[in-house]
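Accompanying notes for the structure given below.
The values are calculated or read from the model by the stated rules, or taken from the named source; none is laboratory data. A quick note: this is a predicted structure, and the numbers were derived from the prediction, not measured. Methodologically, a virtual Cβ is constructed for each residue, glycine included, from the backbone with ideal geometry; neighbour enumeration extends over all protein chains shown. These area figures cover heavy atoms from the full protein model, side chains too; ligands, DNA and RNA do not enter into them. Shrake-Rupley method; radii C 1.70, N 1.55, O 1.52, S 1.80 Å.
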Amino acid sequence: MEPAVSLAVCALLFLLWVRVKGLEFVLIHQRWVFVCLFLLPLSLIFDIYYYVRAWVVFKLSSAPRLHEQRVRDIQKQVREWKEQGSKTFMCTGRPGWLTVSLRVGKYKKTHKNIMINLMDILEVDTKKQIVRVEPLVSMGQVTALLNSIGWTLPVLPELDDLTVGGLIMGTGIESSSHKYGLFQHICTAYELILADGSFVRCTPSENSDLFYAVPWSCGTLGFLVAAEIRIIPAKKYVKLRFEPVRGLEAICEKFTRESQRLENHFVEGLLYSLDEAVIMTGVMTDDVEPSKLNSIGSYYKPWFFKHVENYLKTNREGLEYIPLRHYYHRHTRSIFWELQDIIPFGNNPIFRYLFGWMVPPKISLLKLTQGETLRKLYEQHHVVQDMLVPMKCMSQALHTFQNDIHVYPIWLCPFILPSQPGLVHPKGDEAELYVDIGAYGEPRVKHFEARSCMRQLEKFVRSVHGFQMLYADCYMNREEFWEMFDGSLYHKLRKQLGCQDAFPEVYDKICKAARH
């Protein structure tokens, strides 16, 4: 009873402080108070609810029975929109604040919202090695279920709240992508509702043009209602090697060499300065050396990027065995390293032991409560970007990141990009090794100005035939955007499927130049 009374007293004092100082002042200057008192408990409640719901639905096998009815309901909504004169574009009715993207989707207020309540795992077929899921299934759901029955996705992107729909319509990547490609490359079928309300299933051999055009299209070709994704046998642990490397040339050489070795199940790099990094390589295993077991996902453990940095500071190599699910979500608790800007003492051992079990706050709730002033401050003084560039251009790209934004740590994740039709593919006719350079944090370059600095970085990425992940702020104009992405198949299908009056073009949906 006493903890509840103490929490109530703290909440009351906080509300009085807010009344005196003003809510906006508190949210901007002392945001950690609001996050710790309100968003962490609320996030925990959200997680428990969705975990229990997903478990019950799967155990009762009710999802497959209800799925067809839900799909028919979506078709009905689309047909009603058509009968009413197709006056505005359509979009999903899911509130913009629920998405992991930091972008605020103002189009939700002006477009026809189609309600899509599809958040269940429909089937796991271990013989065909396929899992069939609805678009709002999260990576947390997937790992909790698949790992418990000895399976996993070949590419399982990091954050728990990332959804299958977002990873297909946008993109997804993980440290296994040097073997398997992006998230779209492990998908074997998509099921969609088109602009006329019809249902279509597409695979590499059936409606193949649509299958290759859907990834990165951001919901502008139709509504995704289900996807089939490859699964592979899982093992209990990841045997992870840590190797500090100094000197940019040595870093690029080591990272490229390890990315080309397919016997590595996982390859990742954390760059702490332009010439200091830790390269990590891992393999799945059922064997473990007990003395080297590290359950890094436990709430009281140090944040992963801080743990990795210790290998750099002490200049030593290391070997650890990490439980598989802990490895998959190793950056989740600290939201990579973004949480250190929100809760500056979040990695303190005292905080971790007392309150770490509630971390992290939901990104969606952080968005919902940030307010317009804080959003603009983040936009001007904070960078969240993933740029995908050919591995051969890695050194040049890292110099450009240093000069244009100067943000560290930087996440390095290799991936193979197959030569396939669609918005994103290599310049040549053969698969090519790329690297995702992820920069998240406050720029330390002098006189940083978001628009000009990001346009400079985007220009470089276009020049090396790279790509910008579309969850982030994009400052390109329309001509520059279609110079970066291959729109030939996409535009052909929009015309064929009657999308031009039903959905905005992907550029108009995501780019700042189009939205302002």
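Given the residues P414, P418, P409, P443, which is the only one that is in contact (Cβ under 8 Å) with a residue 60 or more places away in the chain and within 16 Å of the chain's Cα centre (by Cα)? Steps first, please.
Numbers: P418 fails: within 16 Å of the chain's Cα centre (by Cα); P409 fails: within 16 Å of the chain's Cα centre (by Cα); P443 fails: within 16 Å of the chain's Cα centre (by Cα).
Testing whether each residue is in contact (Cβ under 8 Å) with a residue 60 or more places away in the chain and within 16 Å of the chain's Cα centre (by Cα) leaves just P414.
Give the residues of the stretch 302-329 that are among the charged types (D, E, K, R) and modelled with pLDDT of 95 or more, sorted by residue number. Write out each step before concluding.
Restricting attention to the stretch 302-329, the residues satisfying the condition of being among the charged types (D, E, K, R) are 306, 309, 313, 316-317, 320, 325.
Those that are among the charged types (D, E, K, R) and modelled with pLDDT of 95 or more: K306, E309, K313, R316, E317, E320.
Specify which of the listed residues (R79, R70, R65) is over 28 Å from T171 (Cα atoms) and modelled with pLDDT of 80 or more. Give the derivation first.
Working: R70 fails: over 28 Å from T171 (Cα atoms); R65 fails: modelled with pLDDT of 80 or more.
It is R79.
For the stretch 274-319, which positions are assigned to a strand (DSSP E or B) and closer than 15 Å to K235 by Cα? So that I can check it myself, show each step before the final result.
Looking only at the stretch 274-319, we keep the residues that are assigned to a strand (DSSP E or B), and these are 276-285, 293, 318-319.
If the condition is that a residue be assigned to a strand (DSSP E or B) and closer than 15 Å to K235 by Cα, then G282, V283, M284, T285, L293 are the ones that fit.
What's the total number of residues in the stretch 405-437 that are of a type in the set (G, A, S) and within 18 Å of W216 (Cα to Cα)?
Looking only at the stretch 405-437, we keep the residues that are of a type in the set (G, A, S), and these are 419, 422, 428, 431.
In the following step, the residues that additionally are within 18 Å of W216 (Cα to Cα) were identified as 419, 422.
The qualifying residues number 2.
Can you go through L457, L489 and tell me which one is open to solvent by less than 10 Å² (accessible area, probe 1.4 Å), in contact with an Asp or Glu (Cβ under 9 Å, 6 or more places away or on another chain) and in a helix (DSSP H, G or I)?
L457
Looking at the stretch 462-511 only, could you name the residues that are among the basic types (K, R) and within 27 Å of C393 (Cα to Cα)? Before you say what the answer is, go through the steps one by one.
Restricting attention to the stretch 462-511, the residues satisfying the condition of being among the basic types (K, R) are 462, 478, 492, 494-495, 509.
Of everything in the stretch 462-511, those that are among the basic types (K, R) and within 27 Å of C393 (Cα to Cα) turn out to be R462, R478.
Just give me the residues in the stretch 226-240 being open to solvent by 10 Å² or more (accessible area, probe 1.4 Å) and of a type in the set (A, V, I, L, M), in sequence order. Give the steps one after another, and end with the answer.
Keep residues of the stretch 226-240 that are open to solvent by 10 Å² or more (accessible area, probe 1.4 Å), which gives 228, 230, 232-237, 239.
Within the stretch 226-240, I232, A234 meet the criteria.
Quick check on V164: is it surrounded by 21 or more Cβ atoms within 10 Å (Cβ to Cβ) and either within 15 Å of I232 (Cα to Cα) or more than 12 Å from the chain's Cα centre (by Cα) (or both)? If you could, list the steps in order and put the result at the bottom.
Details: surrounded by 21 or more Cβ atoms within 10 Å (Cβ to Cβ): yes; either within 15 Å of I232 (Cα to Cα) or more than 12 Å from the chain's Cα centre (by Cα) (or both): no.
Against the criterion (surrounded by 21 or more Cβ atoms within 10 Å (Cβ to Cβ) and either within 15 Å of I232 (Cα to Cα) or more than 12 Å from the chain's Cα centre (by Cα) (or both)), V164 does not qualify.
Quick check on the stretch 119-152: of everything there that is more than 15 Å from L167 (Cα to Cα) and in a loop (DSSP other than H, G, I, E, B), which residue is nearest to the chain's Cα centre (by Cα)?
Among them, the one singled out is D120.
Pairs only if they're at least six apart or on different chains, beta carbon under 7 angstrom, first in the stretch 477-502 and over 30 Å from F460 (Cα atoms) and free of Cβ contacts under 8 Å to residues at least 12 places away in the same chain, second assigned to a helix (DSSP H, G or I) and open to solvent by 10 Å² or more (accessible area, probe 1.4 Å); list them, first residue then second.
Every condition considered, the pairs that remain are Q500/R494.
With the structure loaded, tell me whether E249 is farther than 24 Å from K235 by Cα and assigned to a helix (DSSP H, G or I) or whether it fails that test. Even if it seems obvious, please write down each step before you answer.
Details: farther than 24 Å from K235 by Cα: yes; assigned to a helix (DSSP H, G or I): yes.
Yes.
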